[in-house]
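Novice: To start, I am sharing the structure in question, which I have written as structure tokens.
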């Protein structure tokens, strides 16, 4: 991973997209995220310490996996009060793309940027495995251009990944097509055997109603290198890049129109 | 002021830990056990006891100590000091 980082070719700043990878005390997938993102042409990731207060320089924000603040009290409960979270919340409200993987997903739920909560796995066991997820929404900024039903293979590693939402929230999640990924078997069927943690309706990842904040328990960052067995996670980062690129194009064409 | 905060999972939230303990209790000769729910108990010592202290504590119970999506909390003012006072009175009477 470090070799990939240091040998990354220099890129032109103007066309480069910058992703912030937030480091909380206890984050442990920050390097995986940075490496996975830096592997993609046109993308650069930078670490941002949780005590920073601005994310203005970045096109997108990634909250990595790990055990922020030791997962004390509840996963993500203390991290959501870190100084950087004010910027994450305000930038998310302004429409910036925010991706939370694993512990990052838990932080987003605790912060109220995503509905529901993640509780102890039904099995009471820490689950560390490769899972299959099915893409349920093909027009989100994070699954841009993935046909509905696409199967993504990514690893999971968590003890508290059982997604819970009350009946009303669950109905809204389905009604507004906010469930982006569900755990599926190798044939794409949503069955209990494919559910690694007991999540309600096999939910593996959801977005907010505005569709710019996405949280998932699987690790795209650990599925961004062929040597790790899957490149499916990189597709999520690439989709984010395409979304940012498209919105930049729109913004600049708007400017041209305004000038004209 | 000493306060106790009890945080419990909401009824709709699955509590696999509670279920595992319930099963163990039944297995150990108590088939009467109907259910076990496991929560958290916190003892908090706070300087002072007047003004908006309790309201602020309640705010933190809601925002930090519990997650209203999955948990309910109960804030109790500790009766330890009250008990000590009562005991002291009884002793005084005996004398």
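Each value in this text was obtained by applying a stated rule to the coordinates, not by laboratory testing. Here the structure is a predicted model, which is why all the values come from computation and not from measurement. Every residue, glycine as well, gets a Cβ built from its backbone with ideal geometry; the counts of neighbours run over all protein chains shown.
Novice: Please give the calculated 222 nm ellipticity per residue for chain A, where each DSSP H segment of at least 4 residues contributes -39500 (n - 2.57) and the sum is spread over every residue; nearest 500 deg cm²/dmol? Let's see the in-between values first.
Specialist: Values: 6 runs with 69 residues, N = 260.
Calculated at 222 nm, the ellipticity per residue is -8000 deg cm²/dmol.
Novice: While we're on this one: Can you compute the FRET efficiency between residue A:130 and residue A:53 using 1/(1 + (r/R0)^6), with r the Cβ-Cβ distance and R0 = 30 Å? Round to the nearest 0.05. Each step should come with its number before you reach the end.
Specialist: On the way: r = 38 Å, r/R0 = 1.26.
My answer for the efficiency is 0.20.
Novice: Starting from one equal scatterer on each C-alpha and no solvent at all, send me the Debye-based log10 I(q)/I(0) for the stretch A:74-156 at q = 0.18 Å⁻¹, two decimals.
Specialist: Those come out to -0.96, one per q.
Novice: Further, regarding this structure: Can you give the mean number of other chain Cβ atoms that lie within 10 Å of the Cβ atoms in peptide A:118-126? Show your work: numbers first, answer last.
Specialist: Working: counts 3, 10, 7, 1, 3, 1, 4, 1, 0.
The shielding value for this peptide is 3.
Novice: At a temperature of 20 °C and a viscosity of 1.002 mPa s, determine how fast the stretch A:147-252 diffuses translationally according to Stokes-Einstein, using the Kirkwood radius over alpha-carbon pairs as Rh; express D in µm²/s, rounded to the nearest whole number.
Specialist: Working: Rh = 15.0 Å.
The Stokes-Einstein estimate is 143 µm²/s.
Novice: Quick check: residue separation of residue B:53 and residue B:34 times 0.36 nm, minus the Cα distance between them. What number comes out in nm? Don't skip to the answer; put the middle values down first.
Specialist: On the way: separation 19, 0.36 × 19 = 6.84 nm, distance 3.85 nm.
Stretched fully, the residue B:53-residue B:34 segment lengthens by 3.0 nm.
Novice: Using a 10 Å cut-off around each Cβ of peptide B:8-17, what is the average number of partner chain Cβ atoms that fall inside?
Specialist: Values: counts 0, 3, 2, 0, 4, 6, 7, 2, 9, 3.
Counting Cβ atoms of other protein chains within 10 Å of each residue's Cβ and averaging gives 4.
Novice: Starting from the 7 Å offset along Cα-to-Cβ, what nm value, one decimal, do you get for the label separation of residue B:41 and residue A:28?
Specialist: 3.1 nm
Novice: List A:144, B:27, A:50, A:219 from most exposed to least, where exposure is judged by having the fewest other Cβ atoms within 10 Å.
Specialist: B:27, A:144, A:50, A:219
Novice: Relative to the present Cα-Cα distance, how much length would full extension add between residue A:209 and residue A:242 at 0.36 nm per residue of separation? Mind showing how you got there, number by number?
Specialist: Working: separation 33, 0.36 × 33 = 11.88 nm, distance 2.01 nm.
Value of the extension gain: 9.9 nm.
Novice: Continuing with this model, one more query. Taking neighbour counts of Cβ atoms within 10 Å as a proxy for exposure, in what order, fewest first, do A:69, A:176 appear? Don't skip to the answer; put the middle values down first.
Specialist: Details: A:69 22, A:176 13.
Ordered from fewest to most neighbouring Cβ atoms within 10 Å, A:69, A:176 come out as A:176, A:69.
Novice: Could you tell me how far the Cα centroid of the stretch A:180-224 sits from the Cα centroid of the stretch B:16-58, in Å?
Specialist: Here the two parts' Cα centres lie 31 Å apart.
Novice: With a ≥ b ≥ c the root eigenvalues of the C-alpha gyration tensor of chain A, is it rounded (a/c under 1.5), prolate (a/b larger than b/c) or oblate?
Specialist: On the way: a/c = 1.39, a/b = 1.33, b/c = 1.04.
In terms of gyration-tensor shape, rounded.
Novice: Can you give me the Cα centroid spacing of the stretch A:24-65 and the stretch A:151-175 in angstrom?
Specialist: 23 Å
Novice: Counting alpha carbon pairs within less than 8 Å and at least 6 residues apart, what relative contact order, in whole percent, applies to chain A?
Specialist: On the way: 571 pairs, mean separation 46.2, N = 260.
About 18 percent, as a whole number.
Novice: Still on this structure, I have one more. Could you work out, residue by residue across A:61-68, how many beta carbons of other chains sit within 10 Å of that residue's beta carbon, and then give the average as an integer?
Specialist: If you average over the peptide's residues, the count of other-chain Cβ atoms is 0.
Novice: Could I ask something else about it? If you average the sequence gap of Cα pairs under 8 Å that are 6 or more apart and divide by the length of the stretch A:143-205, what percent do you get for the contact order? Walk me through the intermediate numbers first.
Specialist: On the way: 54 pairs, mean separation 22.1, N = 63.
Relative contact order here is 35 percent.
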